[in-house]
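Chemist: Sharing a structure here in structure tokens format.
The values are calculated or read from the model by the stated rules, or taken from the named source; none is laboratory data. These numbers were taken from a predicted model, which means no experiment stands behind them. Backbone-built Cβ (ideal geometry, glycine too); neighbour counts: all protein chains shown. Only protein heavy atoms, including side chains, enter the accessible area calculation; ligands, DNA and RNA are left aside. Shrake-Rupley method; radii C 1.70, N 1.55, O 1.52, S 1.80 Å.
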Amino acid sequence: MSDDVSHNILVLGASGLIGRTITDDLRARGFHAVGVARHFTPAQKMSAADLELPVMSMDAAALTQLLRTHEADIVVNCVGVLQDGLGSDTSAVHRDFVARLLQAVSDSHRAIRLVHISIPGTDSEDRTAFSTTKREAERLIAASGIAYAILRPGFVIAPSAYGGSAMLRALAALPVDLPADEAATPFQPVAVEDIAATIAWLAARDVTDEAVRSVTWDLMQPQPISLGGVIAQFRWSFGTTKYVRLPTPPFLIDLGARLGDLTSRLGWMPPLRSNAIAELRRGVTGDPTAWMTATGIVPKTIAQVVGGRPATIQDKWFARLFLIKALIFASLVLFWVASGFIALVISYDAAAGILSAHHFPPALVGPVTVWTSLMDMSIGVLIAFRRSAAFGLVAGIIASLGYMAGSAILTPDLWIEPLGALVKTGPAIVLMLVALLMLDNR
């Protein structure tokens, strides 16, 4: 730290890709940093200074009390959502929350600098609710009269990977290629360490320092590069540069985005959604000169960040399985819903006939057939919703084991049935176990 200035720092959104890195980096540099998020995973909550608070539902008075309680000198706002959906509202998160936060800073009567994480680009390029609400927040901050630094990072490269950064790793690891137009999109990256170093540099300055009282900086490598070039660097790290690749038609990307929008209504956060594709096609560009001149930071290039070490086996497994995760869950939902629907509607007589042929009590044949069919369909519906997916997968594993055990007792001849329906239940259980182990996003 410079100038012997020591500040209390409040990081909002400290469970995210940028927020987590910033919080840990500031603590390592000797700052007192309190990380705040709606929820931390057990692996993320490494300190008593990581607080789980419903900041999005807090009014200005509650936020004011939060600032006063922790005697905040710097507030870093990393809160953001990509797209409207179940539990996500871009206007509420990007604009309304920032308005309440600005009011809280004013009402706290403390000299606080707000460091706000935004996005590159200009108003004329904004095409989505994500970008327009981000820009509205910038205007609110600029007009507030408080000390602020609006940081506009390029495409963030970090050891961890969520959302879009994970998707690019997957494209690099798999034998697929983007359409030429998408691959040529300008895409200036930035290392997450450079974002953290910038915030540490700001945190070491007095809040009253007029030289950095109100700044807006683009944070990214100055060297031009394309989206295809970024993916190429990951391919080099993964050792997949010589793969034969299948071109991806643009309509397939648009279809994937539509399906992603649909699954987001079920509580999932797929990286491939309409906002993500619109922002990707817009590109990531800016001018980092002002930032570099003020701070003296020379940003790392993507070749330095990604090429600094070869990908580990953990990196490769994650990248290869990332896009397959959606296929696994979709196939399990279809498997359970279809099997229950077929037994209940299309082949009810055949399903009931199996029980009757094995001397099942006649009075129970119908109810058991209907009950098991509805149970199968319910398991599929539970897996389809993110909030209930874990319960649905566990229920599916238990139900499958029950079917196997019941069949061994009541209908043992089905084990040698030519199509091997019961034998195939074993791999289905393994797939559900895999899905259960892959359920976490971060």
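Chemist: Give me, ordered by chain and number, the residues 5 or more places off T185 or on other chains with an amide H under 5 Å from its own placed amide H.
Modeler: L227, G228
Chemist: Shifting gears a bit: Mind listing the long-range amide H neighbours of N8? Cut-off is under 5 Å, sequence gap 5 or more, other chains count too, H placed in the peptide plane at 1.01 Å from N.
Modeler: Residues meeting the amide H criterion: D73, I74.
Chemist: Given contacts defined as C-alpha pairs under 8 Å and at least six residues apart, what's the relative contact order of region 44-105, whole-number percent? Numbers along the way, then the final one.
Modeler: On the way: 32 pairs, mean separation 25.9, N = 62.
In percent, rounded to a whole number, it is 42.
Chemist: Give a residue-ordered list of calculated ³J(HN,Hα) values for region 382-392 (Karplus: 6.51 cos²θ - 1.76 cosθ + 1.60, θ = phi - 60°; whole Hz; x for Gly, Pro).
Modeler: Karplus values, whole Hz, x for Gly and Pro: 4, 5, 5, 8, 4, 5, 10, 4, 4, 4, x.
Chemist: By accessible area of protein heavy atoms, probe 1.4 Å, what ranking do T240, T21 get, highest first?
Modeler: On the way: T240 5, T21 40 Å².
The ordering from most to least exposed comes out as T21, T240.
Chemist: What translational D, rounded to a whole number of µm²/s, comes out for region 1-82 from Stokes-Einstein when the hydrodynamic radius is the Kirkwood one over Cα pairs, at 4 °C and 1.567 mPa s?
Modeler: Working: Rh = 13.0 Å.
Result for D is 100 µm²/s.
Chemist: Right, another one. How long are the three semi-axes of the equivalent ellipsoid for the chain, computed from the Cα gyration tensor as the root of 5 times each eigenvalue, in whole Å, largest first? Before the final figure, lay out each step's value.
Modeler: On the way: eigenvalues 475, 133, 71 Å².
With the √(5λ) rule applied to the chain, the semi-axes are 49, 26, 19 Å.
Chemist: Rank by packing, highest mean first: peptides 68-80, 277-289, with packing defined as the count of other Cβ atoms within 10 Å averaged across residues. Working shown, then result.
Modeler: Values: 68-80: 21.1, 277-289: 18.5.
Sorting 68-80, 277-289 by mean packing, highest first, produces 68-80, 277-289.
Chemist: Here's something else I'd like to know. Output ³J(HN,Hα) for region 190-196: one whole-Hz value per residue in order, computed from phi by the Karplus curve 6.51 cos²θ - 1.76 cosθ + 1.60 with θ = phi - 60°, and x for Gly and Pro.
Modeler: Ordered by residue, 3J(HN,Hα) equals 8, 6, 4, 5, 6, 5, 4 Hz.
Chemist: Here is a further query. Tell me, what is the percent relative contact order of the chain, built from C-alpha pairs under 8 Å that lie six or more residues apart?
Modeler: Details: 690 pairs, mean separation 60.9, N = 442.
Worked out over the chain, it gives 14 percent.
Chemist: Using θ = phi - 60° and the Karplus curve 6.51 cos²θ - 1.76 cosθ + 1.60, what whole-Hz ³J(HN,Hα) does each residue of region 266-276 get, with Gly and Pro shown as x?
Modeler: Each residue's phi maps through the Karplus curve to give 9, x, 7, 10, x, x, 9, 9, 4, 5, 4 Hz.
Chemist: Taking amide H atoms as placed 1.01 Å from N in the peptide plane, list the residues 5 or more away in sequence, or in a different chain, whose amide H sits under 5 Å from that of T216.
Modeler: When sequence neighbours closer than 5 places are left aside, the close amide H contacts are I150.
Chemist: Determine the order of K424, K242, K45 by accessible area, beginning with the largest, at a probe radius of 1.4 Å.
Modeler: Working: K424 125, K242 190, K45 95 Å².
Descending order: K242, K424, K45.
Chemist: May I ask you to order 293-299, 382-388 by the average number of other C-beta atoms within 10 Å around their residues, highest value first?
Modeler: Details: 293-299: 15.3, 382-388: 18.7.
Sorting 293-299, 382-388 by mean packing, highest first, produces 382-388, 293-299.
Chemist: Here is a further query. What accessible area, in Å² to the nearest ten, does a 1.4 Å probe give for L321?
Modeler: 70
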